[in-house]
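Student: Shown below is the structure under consideration.
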Amino acid sequence: MLADGYRRLARAGSLAATLLTAPGFAQAAVSAEVKGDRELGEYLSAQCTTCHQISGRSIGGVPSIVAWPEDQFIAVITSYKEGQRDNETMRTISHSLSLEEIAALAAYFGSLKLTGQAQK
Amino acid sequence: MSGMTRRSLLGAGAAVVASAVTAPAVIGQARPRVVVVGGGPGGATVAKYVARDSAGAINVSLVEPSAKFVTCFHSNLYLGGYKTFEQITHSYEALTKNYGVNHVRQTAAFIDRDEKRVRTTDNTILSYDKLVVAPGIDLKYDSVPGWGQEHEQVMPHAWKAGPQTQLLKKRLDEVKNGGVIVMIAPPNPYRCPPGPYERVSMMAHVLKASGRTNCRIVIIDPKETYSKQGLFQDGWETFYKGMVEWLGPKVHDGLKSVDPKTGTVVTGFETYKDCALVNVIPAQMAGKIARDAGLADASGFCPIDPATMKSAKDPNLFIVGDACIPGDMPKSAFSANSQAKVAAMIIRNELTGSRTFPPRYNNTCWSLIETDNAVKVGGRYEPKDGKISAAETFVSKTGETAELRKQTQEENIGWYSGITTDIFG
Ligand SMILES: Cc1cc2nc3c(=O)[nH]c(=O)nc-3n(C[C@H](O)[C@H](O)[C@H](O)COP(=O)(O)OP(=O)(O)OC[C@H]3O[C@@H](n4cnc5c(N)ncnc54)[C@H](O)[C@@H]3O)c2cc1C
């Protein structure tokens, strides 16, 4: 089952279609096999938690990014990095992340439990 | 407070301890001590991250006189009627209860850098291995001719959140239709570059929504240009036509004086008499404690090492948030929170040997112009050429769809909840 935030993102930008045709998708699928460095992911996650809540609580226009399948997390960040999806904040942050770092983030957030509620 | 000695620095002969040492990491050896001065987005984030991530191995004291923190960020949304005062007020309780941060409800009066200790106004002595100085800004009360601290009740600044914020809202609500509001905008560098202009937008929103469309808001600005200028001017033209007038220095020819008694503002261009409200946002500098400790340079703010957030003047000290010179980063809560995480990582490494990683800095500042119409500016930054340098930046564009502007505001709401949870939750 997709995490709530991922579903929101998928809805907002018909993500699945974008990813299947995007050049980044093949790369992302490969990188999912890279075992993420969780400790690095935990450090990098501090960049995300300025907006995205570690409990997975989603408020306003900021979705939960907690407990997603790792390959989906990697695919979504890669889609920002490569420009299939556009949000300036996400684009800018994704540009600073290597594939190894994206995998590390996926491993870290993927390992967290969703404890917060979605709220509008 | 158990375990805390209270003595003056002058009389200090015996051993002093920072705070209750309940679980030494090694028998007979006290835990390393981190003292953080200032519980804003900068200081409170460092305190939480060091305490949480060291899982009790480091003793963290947060020196902050207030029991609760009122955020300047989204105080403009309070002014605009979109948020209550309670919604911008946050308690330190989670920091103390969940992470074991020792909240010392005092003002730091003196930093003894040689002895590595801090004295508070009630003469509590806090010894530190690492000190974080995050006092935010002080206002330069002598930077606006005719105005001073004694006039802030009459001509509020509301640039430090709390009673001033409530006063500004009250005064705005009292403005009669047809009244003239003057904002004296600050010179660079100051906290929150788009803040004055978002505030003007919120003032105009409140006036318009209550049918007071004959009011005029005049901005007397010492700067030739300002943050998100095209976006704000476009927004004012679209939503508040004829209500907002921005005057740069070439036009107003300098602010000559203000007279709080009569509500007068005199510029080289025009004299505004009987103003219904004058919002004076003066020039700014690092908080007194940082300046007194010799951490500031001639600019009034504190130089840092961009890779670590250490003071350029003392390697045992870190300076985060508005008090530091953040290179290309703006002075914002987002920046302060981002800088704090780099400082926390370095502090833990130096005290407990935890891993270090390359520093990452980010910022985004959202501004609300009218209901469901927000814009943003931001970027990512890295240490380069001796400062925190912009690696990539962005800003919203004029002509964006209403849907995108609404999404941007939803993001703004989500960000506020996220960052305040990250700092205080
Ligand atoms: C109107 C307005 C709107 C804003 N909007 C935004 C926004 O939308 N987004 C954004 O990111 N930023 C925004 N900002 C900027 C943001 O509020 C500041 O950049 C941020 O608060 C800086 O955090 P800080 O921790 O450095 O300082 P501060 O928030 O000023 O906190 C400093 C703390 O230190 C304490 N202190 C000072 N001296 C001592 C001492 N000697 N001993 C103990 N404690 C001390 C103070 O009590 C205070 O609690 C806005 C600012 C304003 C004025």
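Student: Using the structure shown, decide if B:Gly11 is modelled with pLDDT under 95, surrounded by fewer than 24 Cβ atoms within 10 Å (Cβ to Cβ) and not hydroxyl-bearing (Ser, Thr, Tyr).
Tutor: The answer is yes for B:Gly11.
Student: On to the next question. List the residue pairs whose Cβ atoms are under 9 Å apart, where the first residue sits in segment B:224-237 and is on the phi > 0 side of the Ramachandran plot, the second is of a type in the set (S, T, N, Q), and the two are 6 or more positions apart or on different chains.
Tutor: If the second residue must be of a type in the set (S, T, N, Q), the pairs left are B:Lys228/B:Ser367; B:Lys228/B:Ser396.
Student: If you don't mind, another one. For the subset of segment B:180-222 comprising residues that are more than 16 Å from the ligand (Cβ to nearest atom) and more than 17 Å from B:Phe239 (Cβ to Cβ), which member is farthest from the other protein chains (Cβ to nearest Cβ)?
Tutor: B:Val180
Student: Taking B:Val17 as meeting all but one of (1) in contact with a Lys or Arg (Cβ under 9 Å, 6 or more places away or on another chain); (2) modelled with pLDDT of 95 or more; (3) surrounded by 14 or more Cβ atoms within 10 Å (Cβ to Cβ); (4) not hydroxyl-bearing (Ser, Thr, Tyr), write down the number of the exception.
Tutor: (2)
Student: Here is a follow-up. Those residues that are under 27 Å from B:Lys273 (Cβ atoms), of a type in the set (Val, Ile, Thr) and surrounded by fewer than 21 Cβ atoms within 10 Å (Cβ to Cβ), I need them from segment B:200-247; list them, please.
Tutor: Those that are under 27 Å from B:Lys273 (Cβ atoms), of a type in the set (Val, Ile, Thr) and surrounded by fewer than 21 Cβ atoms within 10 Å (Cβ to Cβ): B:Val206, B:Thr213.
Student: Taking the criterion of being out of contact with any Phe, Trp or Tyr (no Cβ under 7 Å at 6 or more places or on another chain), buried (at least 22 other Cβ atoms within 10 Å of the Cβ), aliphatic (A, V, I, L, M) and not in a helix (DSSP H, G or I), would at least one residue in segment B:375-395 satisfy it?
Tutor: yes
Student: Here is a follow-up. Looking at B:Thr421, is it within 10 Å of chain A (Cβ to nearest Cβ) and more than 22 Å from B:Cys302 (Cα to Cα)?
Tutor: So B:Thr421 fits the description; yes.
Student: Here is a follow-up. Within segment B:66-119, track down each residue that is more than 24 Å from B:Gln164 (Cβ to Cβ) and without any contact (Cβ under 8 Å) to a residue 60 or more places away in the chain.
Tutor: B:Glu93, B:Thr96, B:Lys97, B:Asn98, B:Tyr99, B:Gly100, B:Val101, B:Asp114
Quick grid of which residues meet (1) in a strand (DSSP E or B); (2) within 14 Å of another protein chain (Cβ to nearest Cβ); (3) more than 16 Å from the ligand (Cβ to nearest atom):
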{"residue": "B:Glu224", "(1), (2), (3)": "no, no, yes"}
{"residue": "B:Leu231", "(1), (2), (3)": "no, yes, no"}
{"residue": "B:Glu237", "(1), (2), (3)": "no, no, yes"}
{"residue": "B:Lys241", "(1), (2), (3)": "no, no, yes"}
{"residue": "B:Glu245", "(1), (2), (3)": "yes, no, yes"}
{"residue": "B:Lys250", "(1), (2), (3)": "no, no, yes"}
{"residue": "B:Val258", "(1), (2), (3)": "yes, no, yes"}
{"residue": "B:Met285", "(1), (2), (3)": "yes, no, no"}
{"residue": "B:Ala298", "(1), (2), (3)": "no, no, yes"}
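Student: Residues in segment B:334-354: is at least one surrounded by fewer than 20 Cβ atoms within 10 Å (Cβ to Cβ) and within 19 Å of the chain's Cα centre (by Cα)?
Tutor: No, because not a single residue in segment B:334-354 is surrounded by fewer than 20 Cβ atoms within 10 Å (Cβ to Cβ) and within 19 Å of the chain's Cα centre (by Cα).
Student: Would you call B:Asn279 polar (S, T, N, Q), within 22 Å of the chain's Cα centre (by Cα) and in a strand (DSSP E or B)?
Tutor: Criteria met by B:Asn279.
Student: Might you let me know whether segment B:43-63 holds any residue that is touching a residue at least 40 places away in the same chain (Cβ under 8 Å), closer than 30 Å to B:Val175 by Cβ and surrounded by fewer than 24 Cβ atoms within 10 Å (Cβ to Cβ)?
Tutor: no
The values are calculated or read from the model by the stated rules, or taken from the named source; none is laboratory data. Just so it is clear, the structure is predicted and the values come from calculations on it, not from any experiment. Using ideal geometry, Cβ is built from the backbone for each residue, glycine included, and neighbour counts are taken over all protein chains shown.
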